[in-house]
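The values are calculated or read from the model by the stated rules, or taken from the named source; none is laboratory data. All of these numbers come straight from a predicted model, not from anything done at the bench. All Cβ positions, glycine included, derive from the backbone under ideal geometry; neighbour counts span all protein chains shown.
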Amino acid sequence: MARVEAIWTLYVLIIWAGVQWLLLVIFVPETYAPVLLRRKAITLRQETGDQRWKAPIEIMNRSVLRTVLWSCIRPFQLLFFEQMCLNLCLLSAILLVVFQNNHGFNECIFVGMLAGVSCDPLWRKNYIRLVENNSGVSEPEFRLAPTILGALIVPVSLFVPIVFSIFFGLGNILRQLSSLRRICSGGQLVRKVKFCGRGHSRFALAR
């Protein structure tokens, strides 16, 4: 009976993922730049009759197998050769996974996470101020301001884990939100690859 209940937990996740996929396909427009350029090139060829209009993705001489293999290698390439991506992925994986799974940091963590999410409007105002002071140009590092506070709160909370578990959750959510936004800001074409690398690092440490 317990095995059946555990399997249905996976089934519910699969069904929910399928529903989300359908909603994305139906309601979310395409935002991937190479695909948008290909569509624009197709439109220009149809309107002008000039077949010289080609998007970079159309002239790539790469097989499907090679594309799949490259997609599998790319996350590890970014983890090994882009130091900021590696540091943020490890920062997101080590504390939350190791201390929650191995040391039982479960009590009151949600309270701290709720407090961290509630602080998000303040960090948003700080981000807007930094962008305005930089002549309206955003930099990925502008997203890391909450990480500074979270990096101070988490070590302090580890000295008294039960009492300070709320602060542990607060520090973790501040680090998680800012590191995710920093990864999102660091290059549109490799954004999904960085999230994949982040997932690999978390799964590796969870084992």
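Looking only at segment 60-72, which residues are surrounded by 10 or more Cβ atoms within 10 Å (Cβ to Cβ) and at pLDDT 80 or above?
Arg66, Leu69
Can you tell me which residues in segment 116-157 are under 22 Å from Met84 (Cα atoms), at pLDDT below 80 and β-branched (Val, Ile, Thr)?
Once the filter is applied, which keeps residues that are under 22 Å from Met84 (Cα atoms), at pLDDT below 80 and β-branched (Val, Ile, Thr), segment 116-157 yields Thr147, Ile148, Ile153, Val154.
Go through (1) part of a helix (DSSP H, G or I); (2) free of Cβ contacts under 8 Å to residues at least 24 places away in the same chain one by one and return the number of the condition Pro34 breaks.
(2)
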